[in-house]
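Novice: This is the structure I want to talk about, given as C-alpha cells.
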Amino acid sequence: MKFLVKATIPVEAGNRLLSQPAEFFDLVTKILGDVRPEAFYFALADGQRNNYFVVNVNDGSEIPRIAEPFWLAMNAHVEFIPIMDHADIEKSRSVIEEIVPKYAR
C-alpha cells in the first residue's frame with residue numbers, strides 16, 4: 001500500500017542540523033537510501049521544514065525502517081497518510097458502487 005509520509009523537522013533541530021550543511025545533505029542522502037521513496041519533496045509548512053515522500057509499504061513491520069531515521073536523526077514528527085493512485089481508485093470502483101447506495105443520504 002502506498003503512503004504519503006510527512007516528516008516535520010522542528011525548527012531548533014533543523015537549525016542545528018543545517019549548521020553543518022555538508023553533514024546535513026549527507027544525512028538526507030543516507031536516509032533516502034534507507035527509506036527508498038518513490039518520490040521525495042522538501043517544503044515549508046506551518047513555519048517548519050517538512051519532507052514529503054511516497055513509499056510503498058507491504059507490511060507494517062516496514063514502518064520503523066521508514067520512520068526511525070527521521071525520529072533519531074532529525075527529531076522529526078512523522079505522519080503516514082494512506083494514498084491511492086488512479087489504478088487503486090479504479091480497483092475500488094465496484095466497492096464504491098456497492099457501498100454508496102447503502103449509505104448515501
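Novice: Efficiency by 1/(1 + (r/R0)^6): what FRET value for L18 and E97, r their Cβ-Cβ distance, R0 = 35 Å, to the nearest 0.05?
Specialist: The pair L18/E97 has a calculated efficiency of 0.10.
Novice: Give the residue from L44, A104, N15 lying farthest towards the positive end of the charge dipole for the chain; charges sit on Cβ (+1 for Lys and Arg, -1 for Asp and Glu) and the dipole is referred to the Cα centre.
Specialist: Going by the Cα projections, it comes out as A104.
Novice: Given that just one value was derived from the coordinates, which of (1) 1.60; (2) 0.96; (3) 1.12 is Rg/Rh (Cα atoms, Kirkwood Rh)?
Specialist: Here the calculated entry is (3).
Novice: Running a GNM on the chain with Cα contacts under 10 Å, which residue among E62, E38, E90 ends up with the highest mean-square fluctuation?
Specialist: E90
Novice: Go ahead and collect, in residue order, the members of the range 10-46 whose backbone nitrogen is under 18 Å from a label point 7 Å along the Cα-Cβ direction of A87.
Specialist: Only 37-39 pass the distance filter.
Novice: Expected output is a single nm value to one decimal: the length gained when fully extending between A73 and R36, i.e. 0.36 nm times separation in residues minus the C-alpha distance. What is it?
Specialist: Here the answer is 11.7 nm.
Coordinate-derived values only; no laboratory data. Everything quoted here is computed from the prediction, not taken from an experiment. Using ideal geometry, Cβ is built from the backbone for each residue, glycine included, and neighbour counts are taken over all protein chains shown.
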